[in-house]
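The values are calculated or read from the model by the stated rules, or taken from the named source; none is laboratory data. Please read all numbers here as calculations on a predicted model, not as lab measurements. Cβ: placed from backbone, ideal geometry, glycine included. Neighbour counts: every protein chain shown.
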Amino acid sequence: MHIVREVTEGLYWIGANDHRLTLFENIHPIPEGVSYNSYIALGEKTILFDTVDWDACRQMLENLKYVLDGRDLDYIVINHWEPDHAASLQEVLIEYPNAKIIGNLKGFQLAEQFGFHIDEEKKIIVNEGDVIDAGNHQLTFLFMPMVHWPEAMVTFDLSNGALFTADAFGSFKALDGKLFNDEVDYDRDWLDENRRYLTNIVGKYGPHIRKILKKAAPLLDQVKFICPLHGLVWRNNFSYLLEKYELWANYEPEQKGVMICYASMYGNTEQAAQALAAKLCDLGVPNVSVFDVSNTHVSYLIAEVFKKSHVVLASCTYNLGIFPVMKNFLEDMKALNVQNRTFAIIENGSWAIRSGDLISQFLDEQMKTITVLNDRVTIASHLKEGQNEEIEDLALEIKESMRG
Ligand code: FEO
């Protein structure tokens, strides 16, 4: 049974949703699923834009067959060769052996590496700026290396204003019938998963995102649809989406607020984190959130770091080091290039309290453009009643630092 949505006249979404996959890339939880978007343009020629993950292949083939309605497939454009989009290519070619594949040289090299065999005579290798006249569809290509693989590219269909953006502007979360940004309450239902996808999958490559945003800027007044490979198709309000991308790509926080992350073995470090949260709220500090790093997948922590201006790391000492899950969070922040944030530290230990110094050293030596506040709260096993003042001092310093 086909499940198809029309994007605009002659252009259809023929992708599929996946609610069975629990971990995207076998690492990021996707409790609300994910969509693999594939599109087909009909005109004098038929053009498929990307395929889908192997798990979704059958649904895509049924959709494709329905939309083609007996026509042959002339072209397949592969903007991104990661297997969640290209794995079904060979199945498509079994059904439509006459189709020519449009991609760039790096992409075809990657295809070989993954063992996707494509006959030489089927390949159409494009360079940046080339225009391919596919009947009444004129396609042009912009390369966007490292967003987030080296071969990734954007295809613009000059005839209908559809910009096929590969993973750029993609999101976790299955579509479940919806397709367009204006069919959903984006801020309520999509923004968090959009941010979590972008920051964890592409976050490392902020400068590359900035480059493609700049490169695509002259096209923007011709763009009518932004068609990513995961999540919603945008057909209006582009500036809202682009503003979010500018912030994420520049590692600038979306809001002034404090994310308090604690690593606590017996609840004592947690108590300090909660005491600080209460004090901050007492002082009127906005947007305070608290996370247990042991029980929160790091992808959610990363998304929150990209959102907030201030981060408090509260960690017990473990094996004379930083508690392992907190260490893992630090390593992830470094890997994803988190910068331009203000940090504060709470440390705990029953002997040889080391976590604070080690966190401070990591922030100083391993991360870029980070400010670490002077006040540090040190707990020997359990926060004492007399330490209320220390918590208050830290809260006041955080509040003061937000004024800038
Ligand atoms: Fe959705 Fe980079 O693949």
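Below is a table of values for the structure above.
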{"item": "Every pair of residues 6+ apart whose Cβ atoms lie under 7 Å, when the first sits in the stretch 75-91 and is acidic (D, E) while the second is part of a helix (DSSP H, G or I)", "result": "E91/C57; E91/L61"}
{"item": "Any hit, the stretch 197-208, residues being at pLDDT 95 or above, within 16 Å of the ligand (Cβ to nearest atom) and assigned to a strand (DSSP E or B)", "result": "no"}
{"item": "Meets criteria (buried (at least 22 other Cβ atoms within 10 Å of the Cβ), of a type outside the set (G, A, S), farther than 18 Å from F116 by Cβ and away from the ligand (no atom under 16 Å from the Cβ)) for N63", "result": "yes"}
{"item": "Members of the stretch 291-310 found to be in contact (Cβ under 8 Å) with a residue 60 or more places away in the chain, farther than 16 Å from Q339 by Cα and among the polar types (S, T, N, Q), listed by number", "result": "S299"}
{"item": "Filtered residues of the stretch 1-21 (kept if out of contact with any helix residue (DSSP H, G or I) (no Cβ under 8 Å at 6 or more places or on another chain), surrounded by 12 or more Cβ atoms within 10 Å (Cβ to Cβ) and assigned to a loop (DSSP other than H, G, I, E, B))", "result": "G10, H19"}
{"item": "Selection count, the stretch 322-341, where residues are surrounded by fewer than 17 Cβ atoms within 10 Å (Cβ to Cβ) and either modelled with pLDDT under 95 or within 9 Å of V305 (Cβ to Cβ) (or both)", "result": "0"}
{"item": "Which listed residue is part of a helix (DSSP H, G or I), in contact with a strand residue (DSSP E or B) (Cβ under 9 Å, 6 or more places away or on another chain) and more than 16 Å from the ligand (Cβ to nearest atom), from D182, D176, D221, D187", "result": "D182"}
{"item": "Identity of the residue in the stretch 367-404, out of contact with any strand residue (DSSP E or B) (no Cβ under 6 Å at 6 or more places or on another chain) and loosely packed, with under 12 Cβ neighbours inside 10 Å, that ends up nearest to E270 (Cα to Cα)", "result": "K384"}
{"item": "From T46, T51, residue being among the polar types (S, T, N, Q) and within 14 Å of the ligand (Cβ to nearest atom)", "result": "T51"}
{"item": "Meets criteria (modelled with pLDDT of 95 or more and either among the hydroxyl-bearing types (S, T, Y) or in contact with a His (Cβ under 9 Å, 6 or more places away or on another chain) (or both)) for L89", "result": "no"}
{"item": "Filtered residue count, the stretch 138-160, keeping only those that are assigned to a loop (DSSP other than H, G, I, E, B) and in contact with a Leu (Cβ under 9 Å, 6 or more places away or on another chain)", "result": "6"}
{"item": "Residues that are surrounded by fewer than 22 Cβ atoms within 10 Å (Cβ to Cβ), touching a helix residue (DSSP H, G or I) at 6+ places or on another chain (Cβ under 6 Å) and more than 14 Å from D130 (Cβ to Cβ), drawn from the stretch 141-165", "result": "M146, H148, P150, G161"}
{"item": "Selection from the stretch 226-257 of residues that are acidic (D, E) and not in a helix (DSSP H, G or I)", "result": "E252, E254"}
{"item": "Enumeration of residues in the stretch 141-161 that are within 22 Å of G10 (Cα to Cα) and more than 15 Å from the ligand (Cβ to nearest atom)", "result": "F141, T155, F156, D157, L158, S159, N160, G161"}
{"item": "Filtered residue count, the stretch 35-57, keeping only those that are touching a Lys or Arg at 6+ places or on another chain (Cβ under 7 Å) and under 23 Å from R188 (Cα atoms)", "result": "0"}
